[in-house]
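The values are calculated or read from the model by the stated rules, or taken from the named source; none is laboratory data. Just so it is clear, the model here is predicted, and its values are computed rather than measured. No Cβ is skipped: glycine too gets one built from the backbone with ideal geometry, and neighbour counts run over all protein chains shown.
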Amino acid sequence: MMKMSKTLTHTLIAAGLLGSVAADALAQANEQFIGLPSYRVGAYAAGGSGIYGGWIDYMSLVNERDGGINGVKLTWEECETEYNNARGVECYERMKKKGSTGNTVFQPLSTGITYSVLDKVAADKIPMVTIGYGRTDAADGRVFPWVFPMITTYWSQATTMVKYIGSKEGGPDKLKGKKIAYLYHDSAFGKEGIAVLEKQAQKYGFTFVPLAVAHPGNEQQSQWLKIRQEKPDWVILWGWGVMNPTALKAAAKTGFPREKMVGVWWSGAEEDTIPAGDAAKGYTAAGFNVAGQNFPVVKAIQDKVYKANKGNMEDKSRVGSIYYNRGVVHGIITVEAIRTAQAKFGKKPLSGEEMRWGLEHLNIDAKRLKELGAEGFMPDMKITCSDHEGSGKVKYQQWDGRQWKSASDWIDADSEMVRPMIEESAAKYAKEKNITPRDCSKEG
Amino acid sequence: MQFFLEVLIGGLLSGVMYSFVALGFVLIYKASGVFNFAQGAMVFAAALTFVGILEHGVPFWLAFVLAFGVMVLLGALTERIVLRPLVNQPPITLFMATIGLTYVIEGLAQGVWGASVRGLELGIQDEPIEWLMDAANIGVSKFDLFGSGVAALLVALLALFFQHTRIGRALRAVADDHQAALSIGIPLQNIWRIVWAVAGFVALVAGLIWGARNGVSFSLTFTALKALPVLILGGFTSIPGAIVGGLIIGSTEKLAEVYLGEYVGGGIDSWFPYVMALAFLLIRPEGLFGEKHIDRV
């Protein structure tokens with residue numbers, strides 16, 4: 001009797017284990033895995049924690065409110081890169097086989113990591129989305145089928161900066177004879193704007209003065225003394241991290257008006273202005289998303305995620321900040337691309353190739369933005385086989401000492417100038433790497 | 001000429017800021033022969049702790065005292081957990097241990113207080129002095145002048161401490177010869193604890209000055225990069241050397257960036273001080289004020 005009961009116990013345990021394994025496999029079969037190569041410690045932790053926090057919160061919202069995407073739940077796992085290229089590659093490798101279909105999309109939030117895995121993503125057939133960073137010429141989808149520098153690139157942004165400055169001067173024709181200094185982080189990222197701004201200077205007749213700031217940019221006295229000597233009408237700040245508050249403080253120190261400073265979107269977050277204190281008041285920066293909590297999508301996150309104590313942000317006051325909302329934009333694009341791909345391939349977890357198709361057919365128009373509760377939150381966009389940028393629009397916001405306030409509408413890039421530059425650069429890359437560009441007329 | 005003067009004055013004042021961080025290195029090296037790689041992390045941790053306490057509504061001076069208390073505790077723990085087990089190990093071992101300590105301090109500080117970037121106001125505006133600007137068109141920052149004043153005060157206090165107190169004399173004795181100091185009954189471990197606490201105090205002051213200048217963020221750890229050429233130039237064991245080295249590095253890097261930068265693509269102020277320090281090393285390996293090391297063969 002005792003032996004029989006022991007056997008029964010063992011059988012029940014085995015059945016239970018088998019059952020739970022089977023249930024786990026079934027659950028995994030209906031889950032879409034997203035690998036998140038985040039950075040929450042180190043020099044850029046403030047930006048990383050905000051962006052990845054917003055992104056995770058949006059995916060939690062989709063799971064909590066909608067039960068996933070057409071019944072497919074989103075799952076994710078973070079891998080700490082510390083914004084370090086080697087660690088980024090390690091995270092890429094570690095995550096690529098996770099989930100029932102592997103990591104479906106890779107978004108490293110680092111230009112360095114982007115370059116490090118550029119060839120790998122094509123070989124592994126995992127699309128890489130680089131919103132607001134990475135290689136600008138990857139916007140030519142014929143040469144870079146696996147890379148998506150979405151919404152707007154650095155080159156597009158630079159042309160909108162000139163348009164914005166022109167509008168403040170009373171029209172583009174008023175730029176003639178003006179002087180614009182370009183204070184940039186002395187790195188590949190910082191140099192990205194130079195070529196297109198030089199072309200803009202020729203087109204509009206302004207003088208362009210580039211001034212390099214060595215990494216990390218926590219000392220800029222020499223550059224600002226040169227600015228005092230050059231007496232530019234405007235300063236474009238193309239910085240990252242500590243370089244930004246240091247520049248704003250140095251501008252105040254040399255008496256340069258902050259109202260005449262325009263920042264790149266990596267110089268335009270609360271993390272850049274709050275440390276600068278009063279020195280940041282009046283400063284304007286570019287963005288492909290806006291700040292604020294008064295958007296239905298952010299309110300929904302607060303209602304459905306934070307009220308259920310499932311929010312990702314430790315500091316809840318950061319919900320609605322520039323970086324947080326940028327993370328929500330990443331979430332929206334990821335989810336909408338999955339939704340688009342599901343419409344073609346079925347309501348199931350997708351492979352990297354299927355996800356790539358979804359990204360390449362992504363169309364978030366004004367109507368869809370409204371449905372998502374993101375009207376005015378980000379620009380509308382439409383990705384195609386040849387155009388992996390999809391929008392080019394940029395909005396400017398001004399820091400009033402406490403928060404960012406809208407300072408412009410969405411400004412279109414000078415695509416007549418930028419697109420040929422992208423195609424020229426991509427063609428050069430294709431030649432170097434022996435890539436035959438895709439014929440988009442034959443793509444489905 | 002007026003512009004040259006402005007660049008020079010600005011550079012000298014910046015140099016004093018570098019000296020703040022260099023002082024912390026000098027103190028520990030002087031008393032223990034350890035090159036403390038974690039000094040930059042200590043600056044960051046001290047400033048972050050101060051701001052973190054301040055955010056809880058604690059008054060400024062109490063927050064300062066509490067943050068100093070945390071730095072003293074950190075120094076004592078470092079002595080107990082890191083240094084004591086490594087007594088009599090080669091200097092390179094102690095140096096490697098401080099590299100590990102850097103990561104521990106950075107991670108711990110961010111773990112406790114969070115990774116958010118914070119602002120810090122000390123009530124001194126970082127603006128040019130108006131009358132000087134009006135009279136000579138030379139911009140000299142009020143904040144940089146304030147920082148220089150604090151540095152002068154700090155150096156004076158440290159000099160008094162080293163020259164005129166029993167602990168100071170004991171510190172100097174330990175710095176001269178560990179074995180000899182031990183043989184006359186100077187407690188080495190107490191001395192190390194004290195010197196790490198003093199270095200923690202210097203890190204706190206440096207953190208507040210740099211934090212008020214650029215914000216309290218992880219980038220405060222990078223201030224150590226600015227202090228290294230100052231140390232090479234001024235000598236690792238000299239407090240006046242840290243100040244003079246800072247002044248030389250600050251002024252020459254600014255003059256080089258402004259007058260030579262455009263010929264080599266700009267942004268040279270990150271490496272120029274190192275080149276200059278290397279050139280000095282060739283002439284005076286012990287630095288301007290460092291102790292000449294003579295070995296009996």
Looking at the structure I just gave you, is residue A:241 within 25 Å of residue A:208 (Cα to Cα), out of contact with any Cys (no Cβ under 6 Å at 6 or more places or on another chain) and within 14 Å of another protein chain (Cβ to nearest Cβ)?
yes
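Assess whether residue B:229 counts as being modelled with pLDDT of 90 or more and touching a Lys or Arg at 6+ places or on another chain (Cβ under 8 Å).
Values: modelled with pLDDT of 90 or more: yes; touching a Lys or Arg at 6+ places or on another chain (Cβ under 8 Å): no.
When the stated conditions are applied, residue B:229 does not pass them.
Filter the stretch A:95-145 down to the residues that are of a type in the set (Lys, Arg) and on the phi > 0 side of the Ramachandran plot and list them by number.
Of all residues in the stretch A:95-145, those of a type in the set (Lys, Arg) come to A:96-98, A:120, A:125, A:135, A:142.
Residue satisfying the conditions is A:125 alone.
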Tell me which residues, restricted to the stretch A:333-349, are aliphatic (A, V, I, L, M) and either surrounded by fewer than 24 Cβ atoms within 10 Å (Cβ to Cβ) or at positive phi (or both).
A:335, A:343
Listed by first then second residue, the pairs whose first member lies in the stretch A:353-377 and is at pLDDT below 95, whose partner is crowded, with 16+ Cβ neighbours inside 10 Å, with beta carbons under 6 Å and at least 6 positions apart or on separate chains, are none
Here the residues within the stretch A:122-134 that are within 21 Å of residue A:434 (Cβ to Cβ) and surrounded by 24 or more Cβ atoms within 10 Å (Cβ to Cβ) are A:128
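Hey, can you tell me all the residues within the stretch A:282-312 that are polar (S, T, N, Q) and either touching a helix residue (DSSP H, G or I) at 6+ places or on another chain (Cβ under 6 Å) or in contact (Cβ under 8 Å) with a residue 40 or more places away in the chain (or both)?
Taking the stretch A:282-312 first, the residues polar (S, T, N, Q) are A:284, A:289, A:293-294, A:302, A:309, A:312.
Hits for the stretch A:282-312 are A:284, A:289, A:312.
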For residue B:111, state whether it is within 14 Å of another protein chain (Cβ to nearest Cβ), surrounded by fewer than 24 Cβ atoms within 10 Å (Cβ to Cβ), assigned to a helix (DSSP H, G or I) and free of Cβ contacts under 8 Å to residues at least 24 places away in the same chain.
yes
Could you please give the count of residues in the stretch A:409-436 that are out of contact with any strand residue (DSSP E or B) (no Cβ under 8 Å at 6 or more places or on another chain) and either of a type in the set (Val, Ile, Thr) or not in a helix (DSSP H, G or I) (or both)?
6
Pairs, first buried (at least 24 other Cβ atoms within 10 Å of the Cβ) and modelled with pLDDT of 95 or more in the stretch A:318-330, second among the hydroxyl-bearing types (Ser, Thr, Tyr) and part of a helix (DSSP H, G or I), C-beta under 7 Å, six or more apart
A:327/A:52; A:328/A:58
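So that you can scan it fast, the table gives a plain yes or no per residue for (1) within 14 Å of chain A (Cβ to nearest Cβ); (2) surrounded by 19 or more Cβ atoms within 10 Å (Cβ to Cβ); (3) under 19 Å from the mean Cα position of the chain (by Cα):
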residue: B:107; (1), (2), (3): yes, no, no
residue: B:153; (1), (2), (3): no, no, yes
residue: B:164; (1), (2), (3): no, no, no
residue: B:189; (1), (2), (3): no, no, no
Return only the number of the condition from (1) among the basic types (Lys, Arg); (2) within 14 Å of chain B (Cβ to nearest Cβ); (3) within 19 Å of residue A:416 (Cα to Cα) that residue A:163 does not satisfy.
(2)
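In the stretch A:355-380, what residues are of a type in the set (D, E, K, R) and buried (at least 21 other Cβ atoms within 10 Å of the Cβ)? Outline the logic, then answer.
So in the stretch A:355-380, the residues of a type in the set (D, E, K, R) come out as A:356, A:360, A:365, A:367-368, A:370-371, A:375, A:380.
A:356, A:360 - these are the residues of the stretch A:355-380 that are of a type in the set (D, E, K, R) and buried (at least 21 other Cβ atoms within 10 Å of the Cβ).
This table checks each residue for (1) outside the structural domain of residue A:137 (by TED's automatic domain parsing); (2) acidic (Asp, Glu); (3) within 22 Å of residue A:156 (Cα to Cα).
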position	(1), (2), (3)
A:344	no, no, no
A:348	no, no, no
A:351	no, no, no
A:365	no, yes, yes
A:379	no, no, yes
A:387	no, yes, yes
A:410	yes, no, yes
A:420	yes, no, yes
A:424	yes, yes, yes
Of all residues being buried (at least 23 other Cβ atoms within 10 Å of the Cβ) and closer than 14 Å to residue B:228 by Cα in the stretch B:249-270, which is farthest from the other protein chains (Cβ to nearest Cβ)? Just the residue, please.
B:249
Can you list residue pairs whose Cβ atoms sit under 7 Å apart, with the first residue in the stretch A:253-281 being surrounded by fewer than 24 Cβ atoms within 10 Å (Cβ to Cβ) and the second being assigned to a helix (DSSP H, G or I) and of a type in the set (Val, Ile, Thr)? Count only pairs 6 or more apart in sequence or on different chains.
A:254/A:227; A:256/A:227
Some residue of the stretch A:148-155 being among the β-branched types (Val, Ile, Thr), part of a loop (DSSP other than H, G, I, E, B) and surrounded by 18 or more Cβ atoms within 10 Å (Cβ to Cβ):
yes
Need the failing condition index for residue A:223 against (1) more than 8 Å from chain B (Cβ to nearest Cβ); (2) in contact (Cβ under 8 Å) with a residue 40 or more places away in the chain; (3) more than 24 Å from the chain's Cα centre (by Cα), just the number.
(1)
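Return yes when residue B:227 is crowded, with 24+ Cβ neighbours inside 10 Å and either over 20 Å from the mean Cα position of the chain (by Cα) or within 14 Å of chain A (Cβ to nearest Cβ) (or both) and no when it is not. Full working, then the answer.
Numbers: crowded, with 24+ Cβ neighbours inside 10 Å: yes; either over 20 Å from the mean Cα position of the chain (by Cα) or within 14 Å of chain A (Cβ to nearest Cβ) (or both): yes.
Here the answer is yes, as residue B:227 does meet what is asked.
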One residue from B:286, B:253, B:291 being charged (D, E, K, R) and in contact with a His (Cβ under 8 Å, 6 or more places away or on another chain)
B:286
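Can you name every residue in the stretch A:264-286 that is on the phi > 0 side of the Ramachandran plot and more than 14 Å from chain B (Cβ to nearest Cβ)? Let's see the steps before the verdict.
Let us first name the residues in the stretch A:264-286 that are on the phi > 0 side of the Ramachandran plot, namely A:277, A:282.
Residue satisfying the conditions is A:282 alone.
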